[in-house]
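The values are calculated or read from the model by the stated rules, or taken from the named source; none is laboratory data. Everything numeric here is computed off the predicted structure, so don't read it as measured data. Heads up, the Cβs are rebuilt from the backbone with ideal geometry, glycines too, and the neighbour counts pull from every protein chain shown. Note: accessible area is taken over every heavy atom of the protein model, side chains too, but ligands, DNA and RNA are not part of it. Shrake-Rupley method; radii C 1.70, N 1.55, O 1.52, S 1.80 Å.
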Amino acid sequence: MTRKIADCRKYPSETNCSLAISGEEDEVVRAASEHAVSVHGHEDSPELRGQIRTMLEDEKVSV
């Protein structure tokens, strides 16, 4: 299983947010959506979750 990551540092915001969320894709989409609503003031919607899903990247594993 490849873990996915959502990293706020890649997207400028007024709060200079540094949160990164990683896990299975559906977990990350759910947590990132909740974060986007509660911290960044976005409205929760299927469109928001779709946008987040398209921005996810595979987590790079250090060995």
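Just so you know, in region 32-60 the residues that are touching a residue at least 12 places away in the same chain (Cβ under 8 Å) and aliphatic (A, V, I, L, M) include one that is surrounded by the fewest Cβ atoms within 10 Å (Cβ to Cβ), and it is VAL39. Scanning region 1-19 for residues that are open to solvent by 50 Å² or more (accessible area, probe 1.4 Å) and under 15 Å from ASP58 (Cβ atoms) yields MET1, THR2, ARG3, LYS10.
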